[in-house]
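Worksheet: one structure, shown below.
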Amino acid sequence: MTFTLSGFDAWTFQIVCCGSLLVLEALRRDGERLSTVLQPMDCTRQRAHALIRQPSCTLLGH
């Protein structure tokens, strides 16, 4: 599932399954990728905003 958020035009978000975990990924046009594990009752929109403000994991694309 891929989605965008108003105010974060440079970012695309997606939810991926990694084993038994749901992971929210934020992908920026320049290749930066941020991710965080979602808990069952998390609000995806709030977690996406928090992820941009304070990333928990950063992978830089080449």
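The values are calculated or read from the model by the stated rules, or taken from the named source; none is laboratory data. All values derive from a computational prediction rather than experimental measurement.
Key figures
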quantity: Qualifying positions in segment 4-19 - assigned to a strand (DSSP E or B) and closer than 16 Å to residue 50 by Cα; calculated: 11, 12, 13, 14, 15
quantity: So residue 22, is it in a strand (DSSP E or B), under 10 Å from the mean Cα position of the chain (by Cα) and either at pLDDT below 90 or on the phi < 0 side of the Ramachandran plot (or both); calculated: no
